[in-house]
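One structure below.
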Amino acid sequence: MSKGKRRQPSLAQLRAFAAVAEHLHFRDAAAAIGMSQPALSGAVSALEETLGVTLLERTTRKVLLSPAGERLAVRAKAVLDEVGALLEEAEAVRAPFTGVLRLGVIPTVAPYLLPTVLRLVHERYPQLDLQVHEEQTANLIDGLNTGRLDLLLLAVPLGVPGVVELPLFDEDFVLVTPLDHWLGGREGIPREALKELNLLLLDEGHCLRDQALDICREAGREIKGAGRSPSLEGGGRREGAPVTTTAAGLSTLVQLVAGGLGCTLLPRTALKLETTRSSQLLTGSFAEPAPSRRIALAMRTGAARGAEYEELATALREALGPLPVRVCDGGV
């Protein structure tokens, strides 16, 4: 028989063989899968004929796997496991908000928005297995494109082909300063003041760093280097020198400010958690329109669960009431 017309084993045959391989006893194997012993024996024999190999060594007292049977038993189990996974996934499709949802979140959003997300999922979608992955933007987009992640929660716009953004909210940035800073506690701070500040930034790779640099450009501040690693020029006590102190996270950044090393920009959702850890900080608000960022969910274009993700975005907007943000109207 040519390779193109080779007969295929049935799932019933594979289940019968896998059961015998596990129990090494026809009666026990038949009972385990709810099949009569003659039917089980016939299914295994049919599988041997289909594959053209002897899978079992039958004696009057026991059943043994042949060398070929030992090798193919592993394959048979793997096939049956994958079929089981396929059926579970189909069940998840039939029943929305069940099964696994792999959510990627950027570090400058995760600590401040996840409590709202997790509470919403727990209360409204208890059958959803939410798995959270905190990574920087570039890794999240790669994970979405490769299928490692299903949905992202991050700052937009991304400008990435094949990705649909579901806007959630806009939030203003505030200025965080040491106690003795001349802008500490002020309202209506003009953006141009950023030209004179010793501004501390997050490490490269954080979208919040790029947003801070963009805000400074808009304020007329010189940015050193147009390539992958731009930095700020001058500002305050270090006139004419690039800012070299950075931090891996907002918590460290705020502590550097409390220690008098400079000022920083903080999104409003992070303000309560990060600034209450030190009594050596003041915050100032910018004049309208204040610099801000937009946070959204992002999914692959044509995602099979796209309707679920849109419903989740709507539910999240409704849950954002207690946060200091401006909720979006839901337009993509």
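The values are calculated or read from the model by the stated rules, or taken from the named source; none is laboratory data. The structure displayed is predicted, hence computed values, not measured ones. Positions of Cβ are generated from backbone atoms using ideal geometry, with glycine treated the same way; all protein chains shown enter the neighbour counts. Accessible surface is based on the protein model in full, side chains and every heavy atom, while ligands, DNA and RNA are left aside. Shrake-Rupley method; radii C 1.70, N 1.55, O 1.52, S 1.80 Å.
Numbers for the structure displayed
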| read-out | value |
| --- | --- |
| Kirkwood Rh in Å, taken over the stretch 153-225 so that all alpha-carbon pairs contribute | 14.6 Å |
| 222 nm mean residue ellipticity, helices alone, for the chain (DSSP H n ≥ 4; -39,500 (n - 2.57); rounded to 500) | -12500 deg cm²/dmol |
| The stretch 93-156 - convex hull of alpha carbons, volume per residue in Å³ | 86 Å³ |
| Coordinate range along principal axes, alpha carbons of the chain, Å, largest first | 94, 39, 39 |
| Cβ charges +1 (Lys, Arg) and -1 (Asp, Glu), total dipole of the chain, debye | 1120 debye |
| Enclosed volume per residue, in Å³, of the convex hull spanned by Cα atoms of the stretch 34-152 | 190 Å³ |
| More than 15 Å apart - percent of Cα-Cα pairs taken over the stretch 1-95 | 62 percent |
| Positive-end residue of Val44, Pro267, Val254, charge dipole of the chain with Cβ unit charges | Val44 |
| Nitroxide proxy distance, nm - points 7 Å out along Cα→Cβ at Leu24 and Lys272 | 6.3 nm |
| Positive-end extreme of charge dipole, the stretch 60-155 - chosen from Gly84, Gly99, Val121 (charges on Cβ) | Gly84 |
| Dipole-positive endmost among Leu208, Gly284, Ile33 within the chain (Cβ charges, Cα centre) | Ile33 |
| Enclosed volume per residue, in Å³, of the convex hull spanned by Cα atoms of the stretch 249-308 | 142 Å³ |
| For the chain: accessible area per residue (Å², 1.4 Å) | 52 Å² |
| Added length on full extension, which subtracts the Cα-Cα distance from 0.36 nm per residue, Thr246 to Glu192 | 17.2 nm |
| Share of alpha-carbon pairs per 10 Å distance bin for the stretch 125-181, given as whole % | 17, 39, 26, 13, 6, 0 |
